[in-house]
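What follows is a set of notes on a single structure, which appears directly below.
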Amino acid sequence: MPPRPEVVFSSDVANMDEWAQRTRIPLTTAEALGATYARAHRWFQALKQQLIREHNWSDAPSSDSRLLFAVETSSIWRSSVGLPAGPKLKLCLPVHASSFFSPERRVQWEMVFHSDIFESVRKICPPINDILHLIQCLLTGIVTVVFEEQLPEGMYRTTRGLPPIAWVNAHEAALTEIFGVAHFKALRKACNDTKAAYMLQVLPSR
């Protein structure tokens, strides 16, 4: 059975620093990260509108002014009589990147990124993949895709911290507008380097 990819959220700054060293894209200040994230607002909003227009999502009721947007949709799974087999799926993103690092909101973001939205829906819904990949570019290490495979010598855990190079090339203009030319070139170089974009750990068998 092939390894099953799992999206993992982590607000551990040390983890981000490790990815910064791996990708050779240095971590900047919190203010700089926040400013870059803010420049991506328009793209995030466009992806939200695409979810609503093309994929049967709708605005979710929310009075939280800290959210950039909140949308929801029915579960993709159906019961034997064709009704949604589960609660609605809710996707939200914060206005400020710093919210991802707030200890009291860690569970909120885990519930978003560890949900069926990123487990299953993203495989059939391109805007969800775009959101994942954009966050990987903006805040590398905070959301990764993990594959685990049990082999005789132990558990092989492969973690992808950056998007596929094809995605980066396809969105060159938008990414350059957000990051600038120099940072985009460094990002593309890292995405094209397996050792930079992926991390392999071998965990001994117990």
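For region 142-165, state whether one or more residues are at pLDDT below 95, of a type in the set (D, E, K, R) and within 17 Å of Lys48 (Cα to Cα). No, there is no match, as no residue in region 142-165 is at pLDDT below 95, of a type in the set (D, E, K, R) and within 17 Å of Lys48 (Cα to Cα). The listed residues are Val168, Val145, Val202, and the only one of them that is farther than 19 Å from Gln45 by Cβ, aliphatic (A, V, I, L, M) and more than 16 Å from the chain's Cα centre (by Cα) turns out to be Val202. Among the helices (runs of 4 or more DSSP H) confined to region 149-205, the ones with at least 2 residues that are hydrophobic (A, V, I, L, M, F, W, C) and out of contact with any Cys (no Cβ under 8 Å at 6 or more places or on another chain) are located at 165-170, 172-179, 181-191.
A Cβ distance below 7 Å, combined with a sequence gap of six or more or placement on separate chains, defines the contacts here; from region 151-171, residues that are closer than 12 Å to Asn192 by Cβ and touching a residue at least 40 places away in the same chain (Cβ under 8 Å) reach residues that are in a helix (DSSP H, G or I) and β-branched (Val, Ile, Thr) in the pairs Leu162/Thr23. Here the condition is being hydroxyl-bearing (Ser, Thr, Tyr), farther than 17 Å from Arg106 by Cα and outside any helix (DSSP H, G or I); of Thr28, Thr36, it holds for Thr28 alone. Scan region 172-199 residue by residue and report those that are hydrophobic (A, V, I, L, M, F, W, C), farther than 19 Å from Pro26 by Cβ and within 19 Å of the chain's Cα centre (by Cα). Of everything in region 172-199, just one residue is hydrophobic (A, V, I, L, M, F, W, C), farther than 19 Å from Pro26 by Cβ and within 19 Å of the chain's Cα centre (by Cα), namely Ala174. State whether one or more residues within region 159-176 are of a type in the set (D, E, K, R) and under 28 Å from Ala35 (Cα atoms). Within region 159-176, one or more residues are of a type in the set (D, E, K, R) and under 28 Å from Ala35 (Cα atoms). Scanning region 73-121 for residues that are over 27 Å from Ala35 (Cα atoms), in contact with a strand residue (DSSP E or B) (Cβ under 6 Å, 6 or more places away or on another chain) and either small (Gly, Ala, Ser) or modelled with pLDDT of 95 or more (or both) yields Ser74, Ser75, Ala85. Within region 84-139, restricting attention to residues that are aliphatic (A, V, I, L, M) and outside any helix (DSSP H, G or I), the residue that is farthest from His183 (Cα to Cα) is Ala85.
The values are calculated or read from the model by the stated rules, or taken from the named source; none is laboratory data. This one's a predicted model, so the numbers in the text were calculated from it and none came from an experiment. A quick note on method: Cβ atoms are made from the backbone with ideal geometry, for glycine too, and the neighbour counts reach across all protein chains shown.
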